[in-house]
């Protein structure tokens, strides 16, 4: 169960104050009278920033409803900028969403029953020996992901263990074998190397030997 925000408590106190004393209501809800009266004063004579916050909150609620609550504050911030040309700090969006009690709904991933891509498994040729006596003798590859404009992209890179130089890298939308092979092809084209290894540090370990 989500915690009730302080603003919501103040709203309840304001509504119930017609029947009960403010002192009693503040005690029951666990807020201070000074805080409530300060909130009430701001409510009756809001500042320019509060008026702006109120308008932004309406847009946030609109985004949350339209997209079925799947956006967190970062993606809501991007949505406000792209859809309403609203240039504000992302921390402000985070604060306003907190005041509204809005959080992104984490969707469960559905099980995939389709045909999966076959993994290419090689032996552990490096055997954790990450030292190389000459260039292009031992290469390792790894894949990480980046968040760009709210989208997940995968970065595949190949490093030469001789001097830890990044030989080649590729960015793709899928973490699959093709991404690794495209990176290898780019590295081969750059270095014209005839033999290379990719250690099991990668999610898709692969050993390739060319003739």
**Prompt:** Among the residues of the stretch 138-172, how many are surrounded by fewer than 11 Cβ atoms within 10 Å (Cβ to Cβ) and not in a strand (DSSP E or B)?
**Reply:** 3
**Request:** Scan the stretch 14-36 and give yes if some residue there is farther than 20 Å from residue 95 by Cβ, outside the structural domain of residue 97 (by TED's automatic domain parsing), under 33 Å from the mean Cα position of the chain (by Cα) and part of a loop (DSSP other than H, G, I, E, B), otherwise no.
**Result:** no
**Residue in the stretch 76-99 that is nearest to residue 149 (Cα to Cα), counting only those that are surrounded by 17 or more Cβ atoms within 10 Å (Cβ to Cβ) and in contact (Cβ under 8 Å) with a residue 24 or more places away in the chain** = 80
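Of all residues in the stretch 111-142 being under 32 Å from the mean Cα position of the chain (by Cα) and at pLDDT 70 or above, which is farthest from residue 187 (Cα to Cα)?
142
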**Prompt:** Which pairs do you get when a residue that is surrounded by 12 or more Cβ atoms within 10 Å (Cβ to Cβ), found in the stretch 50-67, comes within reach of a residue that is modelled with pLDDT under 95 and not in a helix (DSSP H, G or I), reach meaning Cβ atoms under 6 angstrom, with the pair 6+ apart or on two chains?
**Reply:** 64/102
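The values are calculated or read from the model by the stated rules, or taken from the named source; none is laboratory data. Here the structure is a predicted model, which means the values were calculated and not measured. In this analysis, Cβ positions are derived from the backbone assuming ideal geometry, glycine residues included, and neighbour counts consider all displayed protein chains.
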